[in-house]
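First the structure, in the form of C-alpha coordinates, and then the observations on it.
The values are calculated or read from the model by the stated rules, or taken from the named source; none is laboratory data. From a predicted model like this one, the values you see are computed outputs, not experimental measurements. Note: ideal-geometry Cβ built from the backbone for every residue, glycine included; neighbour counts use all protein chains shown.
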Amino acid sequence: MNELFDSLKPLENYSLWRFMDLFKFVDLITSKKLTLVNLTGMKDPYEGILHSSIEIQSVDLSGKIIESPQENLSEMINNVTRQILFISCWHESNFESASMWNSYGNENGIAIKTNVNRLKKAIKFENYSEMELLRVNYFHDVTDYYFPNRKENHIYTALLNKRASFDYEKEVRLIWHPRDYSNESIIRKIDVDLFDLIECIYVSPLFNQWQLNSIKNLLDKLNITIPIIKSELYDLK
(Lines give C-alpha, C1' and ligand atoms only; values in the text may rest on other atoms or scores of the structure.)
Protein backbone atom coordinates (compact mmCIF):
# COMPACT_ATOMS: atom_id res chain seq x y z
CA MET A 1 0.00 0.00 0.00
CA ASN A 2 2.83 2.42 0.85
CA GLU A 3 3.91 3.08 -2.73
CA LEU A 4 0.46 4.50 -3.47
CA PHE A 5 1.06 7.50 -1.22
CA ASP A 6 4.73 8.39 -1.61
CA SER A 7 3.98 11.90 -2.89
CA LEU A 8 1.94 12.70 0.24
CA LYS A 9 4.41 11.50 2.85
CA PRO A 10 5.89 14.29 5.01
CA LEU A 11 9.62 14.26 5.74
CA GLU A 12 10.68 12.79 9.09
CA ASN A 13 12.04 16.07 10.52
CA TYR A 14 9.09 18.26 9.52
CA SER A 15 7.41 20.03 12.44
CA LEU A 16 3.82 19.14 13.30
CA TRP A 17 1.41 20.95 15.59
CA ARG A 18 -1.81 19.80 17.18
CA PHE A 19 -4.10 22.62 18.30
CA MET A 20 -6.77 21.65 20.82
CA ASP A 21 -8.99 22.91 23.59
CA LEU A 22 -8.05 22.54 27.24
CA PHE A 23 -10.24 19.47 27.80
CA LYS A 24 -8.57 17.51 25.00
CA PHE A 25 -5.14 18.47 26.30
CA VAL A 26 -5.97 17.31 29.82
CA ASP A 27 -7.31 14.05 28.40
CA LEU A 28 -4.08 13.52 26.45
CA ILE A 29 -1.70 14.10 29.36
CA THR A 30 -3.73 12.21 31.97
CA SER A 31 -4.68 9.18 29.88
CA LYS A 32 -1.42 9.09 27.90
CA LYS A 33 -3.49 8.10 24.91
CA LEU A 34 -3.89 9.76 21.54
CA THR A 35 -7.48 10.07 20.34
CA LEU A 36 -8.44 9.31 16.75
CA VAL A 37 -11.96 10.04 15.52
CA ASN A 38 -13.88 8.65 12.58
CA LEU A 39 -15.12 10.98 9.88
CA THR A 40 -18.69 11.11 11.18
CA GLY A 41 -17.30 13.09 14.12
CA MET A 42 -15.81 15.84 11.92
CA LYS A 43 -17.43 19.26 11.52
CA ASP A 44 -17.05 19.41 7.73
CA PRO A 45 -19.91 17.36 6.16
CA TYR A 46 -17.74 16.74 3.09
CA GLU A 47 -15.18 14.75 5.09
CA GLY A 48 -14.82 11.29 3.58
CA ILE A 49 -17.13 12.09 0.66
CA LEU A 50 -15.84 11.29 -2.83
CA HIS A 51 -16.07 14.07 -5.43
CA SER A 52 -19.46 13.89 -7.12
CA SER A 53 -17.90 13.58 -10.59
CA ILE A 54 -16.01 10.38 -9.73
CA GLU A 55 -17.60 7.32 -11.27
CA ILE A 56 -17.49 4.13 -9.21
CA GLN A 57 -18.15 0.75 -10.78
CA SER A 58 -18.63 -2.71 -9.28
CA VAL A 59 -16.87 -5.66 -10.87
CA ASP A 60 -17.12 -9.40 -10.29
CA LEU A 61 -14.14 -11.70 -9.70
CA SER A 62 -13.49 -11.91 -13.43
CA GLY A 63 -13.34 -8.12 -13.76
CA LYS A 64 -16.70 -7.83 -15.52
CA ILE A 65 -18.64 -4.69 -14.64
CA ILE A 66 -21.72 -5.32 -12.52
CA GLU A 67 -24.59 -3.01 -13.29
CA SER A 68 -25.63 -1.13 -10.16
CA PRO A 69 -27.00 2.34 -9.51
CA GLN A 70 -24.03 4.76 -9.41
CA GLU A 71 -25.60 6.93 -6.72
CA ASN A 72 -26.24 4.02 -4.34
CA LEU A 73 -22.73 2.62 -4.77
CA SER A 74 -21.03 5.96 -4.13
CA GLU A 75 -23.24 6.60 -1.13
CA MET A 76 -22.40 3.18 0.30
CA ILE A 77 -18.64 3.74 -0.12
CA ASN A 78 -18.88 7.17 1.48
CA ASN A 79 -20.84 5.88 4.46
CA VAL A 80 -18.50 2.96 5.07
CA THR A 81 -15.36 5.07 4.74
CA ARG A 82 -16.65 7.65 7.19
CA GLN A 83 -17.35 4.99 9.79
CA ILE A 84 -14.37 2.62 9.65
CA LEU A 85 -11.40 4.97 9.20
CA PHE A 86 -10.06 6.97 12.15
CA ILE A 87 -7.84 10.03 11.99
CA SER A 88 -5.81 12.41 14.11
CA CYS A 89 -5.23 15.80 12.46
CA TRP A 90 -1.93 17.71 12.60
CA HIS A 91 -0.76 21.04 11.20
CA GLU A 92 2.53 21.02 9.29
CA SER A 93 4.58 24.18 9.81
CA ASN A 94 7.80 25.45 11.34
CA PHE A 95 5.90 28.41 12.80
CA GLU A 96 2.80 29.12 14.83
CA SER A 97 -0.35 29.80 12.86
CA ALA A 98 -2.77 32.59 13.78
CA SER A 99 -5.46 30.89 11.67
CA MET A 100 -5.04 27.62 13.55
CA TRP A 101 -5.23 29.35 16.92
CA ASN A 102 -8.42 31.08 15.83
CA SER A 103 -9.99 27.93 14.36
CA TYR A 104 -8.96 25.27 16.85
CA GLY A 105 -7.26 26.88 19.81
CA ASN A 106 -9.52 29.76 20.97
CA GLU A 107 -8.77 31.70 24.16
CA ASN A 108 -8.34 28.51 26.19
CA GLY A 109 -6.47 26.62 23.51
CA ILE A 110 -3.25 24.66 23.76
CA ALA A 111 -0.93 23.43 21.04
CA ILE A 112 1.67 20.71 21.21
CA LYS A 113 4.65 20.82 18.88
CA THR A 114 6.32 17.66 17.61
CA ASN A 115 7.69 16.33 14.34
CA VAL A 116 6.98 13.38 12.08
CA ASN A 117 9.69 11.18 13.57
CA ARG A 118 8.70 11.93 17.19
CA LEU A 119 5.03 11.21 16.49
CA LYS A 120 5.80 7.86 14.89
CA LYS A 121 8.13 6.88 17.70
CA ALA A 122 5.68 7.95 20.42
CA ILE A 123 2.87 5.71 19.15
CA LYS A 124 5.11 2.87 17.93
CA PHE A 125 3.85 3.48 14.41
CA GLU A 126 5.55 0.39 13.01
CA ASN A 127 3.36 -1.88 15.15
CA TYR A 128 0.17 -0.91 13.28
CA SER A 129 -0.37 -2.80 10.04
CA GLU A 130 -2.95 -0.41 8.56
CA MET A 131 -1.79 3.03 9.58
CA GLU A 132 -0.49 5.91 7.46
CA LEU A 133 0.75 9.45 8.15
CA LEU A 134 -0.01 11.54 5.05
CA ARG A 135 -0.47 15.09 3.88
CA VAL A 136 -3.90 16.20 2.74
CA ASN A 137 -4.30 17.33 -0.87
CA TYR A 138 -6.30 20.55 -1.32
CA PHE A 139 -8.26 20.75 -4.55
CA HIS A 140 -10.23 23.36 -6.49
CA ASP A 141 -11.96 20.86 -8.76
CA VAL A 142 -11.64 17.22 -9.77
CA THR A 143 -8.72 17.99 -12.11
CA ASP A 144 -6.42 18.48 -9.11
CA TYR A 145 -8.00 15.77 -6.98
CA TYR A 146 -5.48 13.25 -5.64
CA PHE A 147 -5.87 9.61 -6.62
CA PRO A 148 -3.47 7.00 -5.21
CA ASN A 149 -1.89 5.71 -8.44
CA ARG A 150 -5.13 6.74 -10.17
CA LYS A 151 -7.09 4.28 -8.03
CA GLU A 152 -10.26 6.37 -7.68
CA ASN A 153 -12.00 3.87 -5.43
CA HIS A 154 -9.14 3.41 -2.95
CA ILE A 155 -10.54 3.54 0.57
CA TYR A 156 -8.30 6.51 1.50
CA THR A 157 -9.09 8.65 -1.56
CA ALA A 158 -11.87 10.76 -0.07
CA LEU A 159 -10.13 11.49 3.22
CA LEU A 160 -6.89 12.56 1.51
CA ASN A 161 -8.67 15.36 -0.35
CA LYS A 162 -10.18 18.55 1.04
CA ARG A 163 -11.55 21.67 -0.60
CA ALA A 164 -9.02 24.45 -1.22
CA SER A 165 -10.88 26.66 1.27
CA PHE A 166 -9.14 24.67 4.01
CA ASP A 167 -5.60 24.84 2.67
CA TYR A 168 -4.49 27.11 5.53
CA GLU A 169 -4.66 23.99 7.72
CA LYS A 170 -1.66 22.40 5.96
CA GLU A 171 -2.99 19.17 7.36
CA VAL A 172 -1.16 15.93 7.93
CA ARG A 173 -3.40 13.04 8.88
CA LEU A 174 -2.63 10.02 10.99
CA ILE A 175 -4.99 7.45 9.47
CA TRP A 176 -5.86 4.11 11.04
CA HIS A 177 -8.11 1.28 9.86
CA PRO A 178 -8.50 -0.86 13.00
CA ARG A 179 -10.97 -3.33 11.48
CA ASP A 180 -12.85 -3.67 14.79
CA TYR A 181 -16.20 -3.30 13.08
CA SER A 182 -18.26 -4.43 16.09
CA ASN A 183 -17.07 -1.37 18.05
CA GLU A 184 -19.54 1.42 17.22
CA SER A 185 -17.71 4.21 19.06
CA ILE A 186 -16.67 7.16 16.88
CA ILE A 187 -13.28 7.36 18.63
CA ARG A 188 -10.30 5.09 19.18
CA LYS A 189 -7.49 5.71 21.66
CA ILE A 190 -3.94 4.47 21.23
CA ASP A 191 -1.06 4.50 23.72
CA VAL A 192 1.41 7.35 23.35
CA ASP A 193 4.66 8.22 25.10
CA LEU A 194 4.26 11.90 25.99
CA PHE A 195 7.99 12.56 26.31
CA ASP A 196 8.69 11.10 22.89
CA LEU A 197 5.74 12.94 21.40
CA ILE A 198 5.90 16.48 22.74
CA GLU A 199 8.81 18.77 21.98
CA CYS A 200 7.10 21.79 23.52
CA ILE A 201 3.69 22.88 24.82
CA TYR A 202 2.30 26.25 23.72
CA VAL A 203 -0.65 27.91 25.43
CA SER A 204 -2.94 30.41 23.74
CA PRO A 205 -1.65 33.96 23.30
CA LEU A 206 -4.87 34.98 25.10
CA PHE A 207 -4.05 33.01 28.26
CA ASN A 208 -3.85 34.95 31.52
CA GLN A 209 -0.92 34.33 33.83
CA TRP A 210 -3.04 32.44 36.36
CA GLN A 211 -4.17 30.07 33.62
CA LEU A 212 -0.58 29.42 32.59
CA ASN A 213 0.34 28.79 36.25
CA SER A 214 -2.53 26.30 36.57
CA ILE A 215 -1.29 24.30 33.59
CA LYS A 216 2.26 24.35 34.95
CA ASN A 217 1.01 23.09 38.33
CA LEU A 218 -0.93 20.29 36.67
CA LEU A 219 2.13 19.21 34.69
CA ASP A 220 4.23 19.26 37.88
CA LYS A 221 1.72 17.04 39.69
CA LEU A 222 1.85 14.58 36.78
CA ASN A 223 5.67 14.70 36.73
CA ILE A 224 5.62 15.90 33.14
CA THR A 225 8.80 17.88 32.56
CA ILE A 226 8.12 19.26 29.09
CA PRO A 227 8.78 22.92 28.22
CA ILE A 228 5.67 25.09 28.28
CA ILE A 229 5.50 28.50 26.61
CA LYS A 230 2.82 31.14 26.33
CA SER A 231 2.47 32.09 22.68
CA GLU A 232 3.84 35.55 21.89
CA LEU A 233 1.82 35.80 18.71
CA TYR A 234 0.14 39.07 19.69
CA ASP A 235 2.92 40.58 21.85
CA LEU A 236 4.32 43.91 20.72
CA LYS A 237 8.09 43.79 20.33
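Structure above, values below:
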{"read-out": "Contacts under 6 angstrom Cβ, first residue in the range 211-236 being without any contact (Cβ under 8 Å) to a residue 40 or more places away in the chain, partner part of a loop (DSSP other than H, G, I, E, B), 6 or more apart", "value": "Ile226/Ile198; Lys230/Phe207; Tyr234/Pro205"}
{"read-out": "Those residues of the range 191-229 which are part of a helix (DSSP H, G or I) and not hydrophobic (A, V, I, L, M, F, W, C), in sequence order", "value": "Asp196, Gln209, Gln211, Asn213, Ser214, Lys216, Asn217, Asp220, Lys221"}
{"read-out": "Residue ID - surrounded by the most Cβ atoms within 10 Å (Cβ to Cβ), chosen from residues in the range 114-138 that are aromatic (Phe, Trp, Tyr) and out of contact with any helix residue (DSSP H, G or I) (no Cβ under 6 Å at 6 or more places or on another chain)", "value": "Phe125"}
{"read-out": "Enumeration of residues in the range 75-108 that are over 17 Å from the mean Cα position of the chain (by Cα), on the phi < 0 side of the Ramachandran plot and not aromatic (Phe, Trp, Tyr)", "value": "Glu75, Met76, Ile77, Asn78, Asn79, Val80, Asn94, Glu96, Ala98, Asn102, Glu107, Asn108"}
{"read-out": "Long-range neighbours under 9 Å by Cβ, at least six apart or interchain, first residue free of Cβ contacts under 8 Å to residues at least 24 places away in the same chain within the range 94-113, second surrounded by 15 or more Cβ atoms within 10 Å (Cβ to Cβ) and among the polar types (S, T, N, Q)", "value": "Phe95/Ser15"}
{"read-out": "Selection status of Leu206, modelled with pLDDT under 95 and surrounded by 14 or more Cβ atoms within 10 Å (Cβ to Cβ)", "value": "yes"}
{"read-out": "Test: residue in the range 153-175 that is of a type in the set (Phe, Trp, Tyr) and without any contact (Cβ under 8 Å) to a residue 12 or more places away in the chain", "value": "no"}
{"read-out": "Count - residues of the range 88-115 that are closer than 21 Å to Ile29 by Cβ and at pLDDT 95 or above", "value": "10"}
{"read-out": "Qualifying residue in the range 217-225 (condition: surrounded by 14 or more Cβ atoms within 10 Å (Cβ to Cβ), touching a helix residue (DSSP H, G or I) at 6+ places or on another chain (Cβ under 7 Å), of a type in the set (A, V, I, L, M) and more than 21 Å from Ile110 (Cβ to Cβ))", "value": "no"}
{"read-out": "Candidate set from the range 1-35 (those that are of a type in the set (Lys, Arg) and assigned to a strand (DSSP E or B)); member that is surrounded by the most Cβ atoms within 10 Å (Cβ to Cβ)", "value": "Arg18"}
{"read-out": "The range 76-130 - residue that is of a type in the set (Phe, Trp, Tyr) and in contact with a Lys or Arg (Cβ under 6 Å, 6 or more places away or on another chain) and, of those, farthest from Leu233 (Cα to Cα)", "value": "Phe86"}
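So that you can scan it fast, the table gives a plain yes or no per residue for (1) modelled with pLDDT under 95; (2) not polar (S, T, N, Q):
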position	(1), (2)
Ser129	yes, no
Leu174	no, yes
His177	yes, yes
Glu184	yes, yes
Lys189	no, yes
Asn213	no, no
